[in-house]
Amino acid sequence: MFGPFLYSLLLHGLVLLVAVFGLPYLSSDPEPVPLIPVEIVDISELTQIQQKKSKPQPPVEEEKPQKPVEDPKPQDKPKPAEPEPASEPEQSEPEPTPTSDAESLVSLNEDVITEEEAVVVPKKKPTPPKKKEEVKEQAEEVEKEDAPKPKEKPKPPKKPEKKKEKKDKKDKKKESNPFDSVLKSVEEMQKTASKTNEVDEESQDDPLPTDRNDASMSLSERDAIIQQFRKCWSVPAGARDAENLKAEIRVQMNADGTVRKADIIDKGRMARDPLFRTAAESALRAVWNPECNPIKVSKEKYDTWKDMRLTFNPKDMF
Amino acid sequence: MMKKILKSFIVVASVLLAYPSQSYAELRLEITRGNIDPLPIAITDLVSEHETVSETGKNIARVIASDLESSGLFRPIDPRAFIQDPDAVNGTPRFADWRLIKAQALMVGRIFESGGQIKIEFRLFDTFSQSQMVGLSLTADSASWRRLAHMAADAIYERITGEKGYFDTRVVYISESGPKKNRVKRLAIMDRDGENHRFLSDGKTLVLTPRFSPTAQEIVYLEYGHKRQPRVYLINLANGQRAMLGNFPGMTFAPRFSPDGKRVIMSFAGSGKTTIFEMDLASRKSKRLTAPVAIDTSPCYSPDGNQIVFLSDRGGSEQLYVMNADGSGAHRISFGQGRYYTPVWSPRGDLIVFTKSFKGEFYIGVMRPDGSGERLLTKGFLVEGPTWAPNGRVVMFTRQSRGDASGAGSTSRLYSIDLTGFNEREMITPQDASDPAWSPLLQ
């Protein structure tokens, strides 16, 4: 009679022990799995950056054939497979990279490149001679992948990045030199507040959260449109409570980038509130201004930008 | 039952599917920065069938352009760049021509004359939307053609900025001449743009701190008259009559009108302390508002008349305080470094302008009525005595330059500056000037 009972008790106790202490680890320590940092990047973002880099030709050529180059090299598959996802984020990473570190690391890599080149080049069969350069770049990236953090970009793409950095700095300087905030103060007391504004500007420049339909418009494309309208928007800065005056307009675009129709969303408030009307009209003028019309945007993606809802919110200027 | 439910469900579903809802693939973007560039505007000459007023039509256009440009918010386009001539544009504006020269707004109009009166009709267009924004007709006697120009400029300003204009106003101030040791000070009044200037006193007595009445036809000011006793006087601009306000055994100064024009507040110095007094103009009854504990002076009403901002050293140094109009609830609002003087409440109600001195430098600054958001608009060897334009957008003040060691070569001029801290400009006065006071919009 007690036999089955004991048996059941034993099994239950065993289960309880396993639950509390876990199964015994019998095998040796497993080999450490090499960590491969992977960043999921939208393909369109990659293509947009190609379009942006109009000046330096080598990196544009390098990126496109990178994929076909890698295919006919089965031996190098594990290595190229690594830099491929890694190189993409390298291309798409935003400005703040330590350029001085990059230079030192690149020079280090260049020493190793020759070795790699010797290894890589003979293995390639159908590669035309011009692609040697691209392989070099790729080899650089391979080296970089092995190199410890921080990841570096190859030299030619760095130049446009640098230029972009300089440009952004200049833009910031242009915007910040005459007035950190649009409400001037002759003494230093306002400087810290406006510096925060500048920093905030970088993060807050990111547009509103996207809905699924906007997925094909990359961040840089959206930012490009914002920059263009920004140029034409004259903010009514001294108005009462100007920092809280925001206006939303709905815009319908033609396929050539010109505005077909633009409407204020809150028409009722236009009639009641003269300050809101001023803000709304300044937004409409920004959109209709011939200097910003037609907008420079990818025509192939017309479906994504043909209907826009623009919010003109001067919060970053105060 | 189930079948019924299912049937109705199918019907509803098919109906909903038959009319696909507008699933907008709407791209949402937020633009958080812009510029503060002035609006390019084209002001065309007012055309006329009468030769006699065609010159006036051009002059009016010029004054309108000058007014708008002085605000710093508009940039009148050079008439030489205009493609369409004024006659044609008064028929049918070719907006493409105006957009080509980058005009975002366009003013066109006509001028008529009859029986010593001038009438102007003008329209303001938005060149982008090609729609009319303002259409107005104004009449005045021929001698007052400048006022027509200022009123038109005010209408344009108001339509575009959403705030009332300030061009049809006057400025009363103290005109100064002579050497530093022997200054001659005369009360003077002029249009905001420096025109129509005239003197209101002869310079034999010392005059100070003139202030406009809200009805714009009277001025209060301080005069050191007979026996060197300072007294507050009232002068009627229409008929030039003068009256003395109060005959206190002591000194009264820094007078200001209440927003309804029925009372005047001023400081009264007696028995070693200075307190704030309010006087009813009709009954001439006066009431003390602050206790004689310190030096309380420079009082100024809020635009709704419910509060008073003033300067007091009751805390040990000159600071700004706000109290209720009956004298209760006084609390300090200025906490920055330095000393604060001459507070003036903006007619818009949202800011108080003040003079501040710190480490030997003077500043004109603004802060909110609760004391927050202090911003210094300008600084100098001596800047002081700010006054607001009636729309609360622009501040006028006195700027005195240093001169050499003996004070020679020092000048005192009036300047105006936008509350954003931009567009500081010198006002046109025939001689040195100080202590400006801005009138309300003329009616």
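Below, the figures for the structure above:
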item	result
Computed E for B:T205/B:A291 - FRET, C-beta separation, R0 41 angstrom, nearest 0.05	0.80
Stretch gain in nm, segment A:V38-A:F21, where the contour uses 0.36 nm per residue and the Cα spacing is subtracted	2.7 nm
Prolate/oblate/rounded label for segment A:256-306 (Cα gyration tensor, a/c 1.5)	prolate
Virtual spin-label span in nm between B:Y224 and A:K315, 7 Å along Cα→Cβ	5.6
Accessible area, probe 1.4 Å, largest first, for residues A:V18, B:V53	A:V18, B:V53
Coil-residue trypsin sites (Lys or Arg not before Pro) of segment B:60-157, DSSP, other Cβ within 10 Å capped at 15	B:R94, B:K102
Accessible area that becomes buried as B packs against A, both chains, 1.4 Å probe, Å², nearest 100	4900
Solvent exposure ordering (accessible area, 1.4 Å, most first) of B:F310, B:F422	B:F422, B:F310
For chain B, built as a Gaussian network whose Cα springs stay under 10 Å, the top-fluctuating residue of B:V171, B:V395, B:V184	B:V184
Long pairs among A:K231/A:K306; A:K184/B:K164; B:K180/B:K262, criterion Cα-Cα beyond 32 Å	B:K180/B:K262
A:L11-B:L6 pseudo-label distance in nm [points 7 Å out on the Cα-to-Cβ vector]	4.5
Accessible area per residue in Å² at 1.4 Å probe, computed on segment B:171-245	48
Under the span-like rule (Cα at least 15 Å along the axis, Kyte-Doolittle mean at least 1.6), DSSP H helices of chain B	B:2-18
Computed FRET value (nearest 0.05) for B:R368 with B:D326, which takes r as the C-beta separation and R₀ as 25 Å	0.65
Estimated inter-spin distance, B:R284 and B:S137, nm [label 7 Å along Cα→Cβ]	4.9
Which of B:H331, B:H150, B:H197 is most accessible, then next, and so on - probe 1.4 Å	B:H331, B:H197, B:H150
Prolate/oblate/rounded label for chain B (Cα gyration tensor, a/c 1.5)	oblate
Rounded if a/c under 1.5, otherwise prolate or oblate - segment B:353-443, Cα gyration tensor axes	oblate
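The values are calculated or read from the model by the stated rules, or taken from the named source; none is laboratory data. The structure displayed is predicted, hence computed values, not measured ones. Cβ: placed from backbone, ideal geometry, glycine included. Neighbour counts: every protein chain shown. Surface accessibility is based on the protein's heavy atoms, side chains included, excluding ligands, DNA and RNA. Shrake-Rupley method; radii C 1.70, N 1.55, O 1.52, S 1.80 Å.
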